[in-house]
Amino acid sequence: MRPLFRRLGPVAAAVFLLGVGFFFGATRSDPLAAQQPAKGVVPAAGTAPAAPVADAGDKRVIAYINGSTPITREEFGDYLINMYGKDRVRLYVNRRIIETAAAAKGITVTPQEVEAIIEQDCAKLGMDRAKFVDLVLTQKYGKTLPEWREDVVKPRLMIQAMCKAQLKIDDAELKKVYDSIYGEKIQVKVIVWPRDREKDLARVYDRIRSSDQEFDDAARAQPYADLARIGGMVDPIGRNSGPGTAKVEEIAFRLKDGQLSEMIDTGSGLMVIKRIKANPARSDVTFEQKRAELMKEATERQMDIEVPKMFAQLNDAARPLFILSPKDVTTKEIEERSKSLGVDPKVLEKK
């Protein structure tokens, strides 16, 4: 399934930044850094001391009402944090982690570089910018173009620059990529069930295995709309697409035409693949003709692997301590914050 994800790869990779402890948002944000631990609490050994509290907050005025009553930036900031803080705090902290590390290494990103990446992503997805903004940013990720530039593309370019020294691409690696793109491929259809709907698969598995029509009906009705729309018919699967798809490749090449796989645990749910046919290797192109293209593809694939590793290292070094809990705060984060602030975890869970 790598070819399907390759078209989405740069965008999907960038979106990693939107989520968990990193990919495709280093220090604390200013509103968080301005908060004190509970009175009398001494930070645990090995943790950074709390930032000093500003003497008088931010009294800059953003508006007046009733002639002379001011509304301050501090009031407006508190409102925004209350409304959107839990949804955005992890993204912002992740972004600051990357920006701080990049600044320490002298890495900068220009507006021209950001725009070039957006154009490249549009081209890979076969969309103009307006369609990319509407279908991908607005409908899929709920972000505006300015947010995408600042929260996703800029951090993505920074962390990729930090990863360049980790890349090791030789002819052996390029030949694997050549085989993946131009070698024999297997056309398959897939159905994917999220973890909370696994019982649905178990209930229909025997039917879809024994009936082509039952399989096609289930493929068009599967929970993931993008796959349902194409009846599960993803791009053909080649060899050497990467460690993330090695298991699926092995199964696809092992199956016979028309045969359905066992239920495959993807980590986030279950998947079945049905082999349709084998497509022979292309003979109209040579390795040397495609060397430049292969180098670019190999670089992107290694970046897909190295970027999460790099962020994990940066995150470990930054040791973010969330005072304002992210929406997806983990038990480990609550326990670490409890230890650092000397507060009962049950109290923190309610914040």
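The values are calculated or read from the model by the stated rules, or taken from the named source; none is laboratory data. On a predicted model such as this, the values are computed, not experimentally measured, just so you know. Every residue, glycine among them, receives a Cβ derived from its backbone with ideal geometry; neighbour counts consider all protein chains shown. Only protein heavy atoms, including side chains, enter the accessible area calculation; ligands, DNA and RNA are left aside. Shrake-Rupley method; radii C 1.70, N 1.55, O 1.52, S 1.80 Å.
Things worth noting here:
- Unmet criterion (only one of (1) within 28 Å of residue 307 (Cα to Cα); (2) of a type in the set (A, V, I, L, M); (3) open to solvent by 20 Å² or more (accessible area, probe 1.4 Å); (4) out of contact with any helix residue (DSSP H, G or I) (no Cβ under 6 Å at 6 or more places or on another chain)) for residue 169: (4)
- Of the residues making up the range 261-286, those that are among the hydrophobic types (A, V, I, L, M, F, W, C) and in a loop (DSSP other than H, G, I, E, B) are 263, 281, 285.
- Test for residue 257: is it closer than 21 Å to residue 206 by Cβ and open to solvent by 20 Å² or more (accessible area, probe 1.4 Å): yes
- Test: residue in the range 238-258 that is within 25 Å of the chain's Cα centre (by Cα) and farther than 30 Å from residue 296 by Cβ: no
- Just one of (1) in contact with a Lys or Arg (Cβ under 9 Å, 6 or more places away or on another chain); (2) crowded, with 17+ Cβ neighbours inside 10 Å; (3) farther than 22 Å from residue 175 by Cβ fails for residue 205. It is (1).
- Among residues of the range 179-201 being outside any strand (DSSP E or B) and under 26 Å from the mean Cα position of the chain (by Cα), the one that is surrounded by the most Cβ atoms within 10 Å (Cβ to Cβ) is 180.
- Sole exception among (1) within 29 Å of residue 313 (Cα to Cα); (2) part of a helix (DSSP H, G or I); (3) out of contact with any Gly (no Cβ under 9 Å at 6 or more places or on another chain); (4) not hydroxyl-bearing (Ser, Thr, Tyr) for residue 133, by number: (1)
- Exclusive hit being out of contact with any Leu (no Cβ under 6 Å at 6 or more places or on another chain), among the acidic types (Asp, Glu), at pLDDT below 90 and more than 21 Å from residue 101 (Cα to Cα), set 335, 297: 335
- Figure legend. Inter-residue proximity from the range 307-328: first residues on the phi < 0 side of the Ramachandran plot and among the polar types (S, T, N, Q), second residues in a loop (DSSP other than H, G, I, E, B) and open to solvent by less than 40 Å² (accessible area, probe 1.4 Å), beta-carbon distance below 6 Å, spacing 6+ or different chains. Indicated pairs: 315/21.
- Being surrounded by 11 or more Cβ atoms within 10 Å (Cβ to Cβ), modelled with pLDDT of 95 or more and not in a helix (DSSP H, G or I) is a property that holds for residue 109.
- Qualifying positions in the range 287-343 - open to solvent by less than 80 Å² (accessible area, probe 1.4 Å), outside any helix (DSSP H, G or I) and of a type outside the set (Gly, Ala, Ser): 287, 320, 321, 322, 323, 324, 326, 328, 329, 330, 343
- Here residue 116 meets the list (1) over 18 Å from residue 296 (Cβ atoms); (2) aliphatic (A, V, I, L, M); (3) assigned to a helix (DSSP H, G or I) almost entirely, failing just condition (1).
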